[in-house]
Ligand code: FES
């Protein structure tokens, strides 16, 4: 059912934990399955994501997608991190079963929520970023593959 990469990231998640005094923290959930994901970003003055950590209270696919998402945004600029869509995360994991697509949406939205928090704290606007949803189950119908 799961690809080798999904299993590997689930068994050995990268960047699990939290960052004290993070530049931005985002928490999103899915009211339908009850899973929650929290992302912490450490962003330097040049707008580079120096560190990223996550905590996921959820299914194995949510853990694997969080882990892969942190790998994909680490060391990137804010604009590059915005390109890390749930599709990009799924591709990097060699795919997810259709019923688990929503888990990868949590990862995308958690990154956006953390960037949003960062922008709010600094009083800046990030081009292309609109206020994220805290409950991603509202938009699931758009993202079915
Ligand atoms: Fe909902 Fe995976 S089952 S996040």
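Read the figures in this text as sums done on the coordinates, not as results from a lab. Predicted, not measured: the structure shown is a model, and the values here were computed from it.
Summary of computed values
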read-out: Global size of region 1-40 as Cα Rg and Dmax, reported in angstrom; value: 13.1, 39
read-out: Helix-only mean residue ellipticity at 222 nm for the chain, each DSSP H run of n ≥ 4 adding -39500 (n - 2.57), per residue, nearest 500; value: -12000 deg cm²/dmol
read-out: Principal axis dimensions, region 12-94 - Cα atoms, whole angstrom, descending; value: 37, 28, 24
read-out: Binned Cα-Cα distance frequencies in region 26-74 - 10 Å width, integer %; value: 26, 49, 21, 4
read-out: DSSP-defined antiparallel bridges as percent of all bridges, the chain, nearest 5; value: 90
read-out: Stokes-Einstein translational diffusion, the chain - Kirkwood Rh over all Cα pairs, 0.890 mPa s, 25 °C, in µm²/s; value: 166
read-out: Potential lengthening between residue 122 and residue 5 on full extension [0.36 nm per residue; Cα-Cα distance subtracted]; value: 38.5 nm
read-out: Region 99-116 and region 1-74: distance between their alpha carbon centers, rounded to Å; value: 9
read-out: Intensity falloff of region 75-145 expressed as log10 I(q)/I(0), Debye formula with alpha-carbon point scatterers, at q = 0.11, 0.20, 0.29 Å⁻¹; value: -0.28, -0.86, -1.37
